[in-house]
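Accompanying notes for the structure given below.
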Amino acid sequence: MPPLKSPAAFHEQRRSLERARTEDYLKRKIRSRPERSELVRMHILEETSAEPSLQAKQLKLKRARLADDLNEKIAQRPGPMELVEKNILPVESSLKEAIIGEEAPDTLCGLADQMYGMGRGEALSFLPFDFLF
């Protein structure tokens, strides 16, 4: 290495050494990078035969289809009353009789208030099937 004659030469040599070090680091990383099949196996890449320019659109379409399917299934799920009638959702027997017998809402509020010790229909907001509405 020749002796440095000026500070500009020193900075230029330092910059070239840093560039060479970075280049070596990147070459090592590229040599050790996993194969495409390994990335697909680890679910980092999608296994697809579509052109790379179309892969983003393909993924967007797939997500839209999944969203549509989910919305359709949510729309078809049974309501809380049906779950109570089929004994899937547990409730107190007197309240269940009122629900199945389709009594007036005031009667339901009164029964729920008696069961849970609350007043003026407050208990219906705490019933176990409240989250399904």
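The values are calculated or read from the model by the stated rules, or taken from the named source; none is laboratory data. Because the structure is predicted, anything quoted here is derived from the model rather than measured. Here Cβ is always computed from backbone atoms with ideal geometry, including for glycine, and neighbour counts include all displayed protein chains. Just so you know, the surface numbers come from the protein's heavy atoms only, side chains and all, with ligands and any DNA or RNA stripped out. Shrake-Rupley method; radii C 1.70, N 1.55, O 1.52, S 1.80 Å.
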In the range 71-100, the residues that are closer than 30 Å to Leu45 by Cα and open to solvent by 100 Å² or more (accessible area, probe 1.4 Å): Glu72, Lys73
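Among the residues of the range 41-53, write down those that are free of Cβ contacts under 8 Å to residues at least 12 places away in the same chain, under 24 Å from the mean Cα position of the chain (by Cα) and surrounded by 10 or more Cβ atoms within 10 Å (Cβ to Cβ). Talk me through it step by step, then tell me what you get.
Of the residues in the range 41-53, the ones free of Cβ contacts under 8 Å to residues at least 12 places away in the same chain are 41-45, 47-53.
This time we only want the ones that are under 24 Å from the mean Cα position of the chain (by Cα), so: 41-45, 47-48.
Those that are free of Cβ contacts under 8 Å to residues at least 12 places away in the same chain, under 24 Å from the mean Cα position of the chain (by Cα) and surrounded by 10 or more Cβ atoms within 10 Å (Cβ to Cβ): Arg41, Ile44, Leu45, Glu47, Thr48.
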Where Glu35 falls short, out of the listed (1) surrounded by fewer than 10 Cβ atoms within 10 Å (Cβ to Cβ); (2) in contact (Cβ under 8 Å) with a residue 40 or more places away in the chain: (2)
Any pair with Cβ under 9 angstrom, 6 or more apart, that starts in the range 74-99 at a residue that is at positive phi and ends at one that is not hydrophobic (A, V, I, L, M, F, W, C): Asn87/Lys96
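What number of residues in the range 11-32 are β-branched (Val, Ile, Thr) and either in contact with a Leu (Cβ under 8 Å, 6 or more places away or on another chain) or exposed (fewer than 10 other Cβ atoms within 10 Å of the Cβ) (or both)?
Going through the range 11-32 one residue at a time, the tally reaches 1.
Taking Glu38 as the residue in question, decide whether it is at pLDDT below 90 and under 46 Å from the mean Cα position of the chain (by Cα). Walk me through it before giving the result.
Working: at pLDDT below 90: no; under 46 Å from the mean Cα position of the chain (by Cα): yes.
Spelling it out, it is not the case that Glu38 is at pLDDT below 90 and under 46 Å from the mean Cα position of the chain (by Cα).
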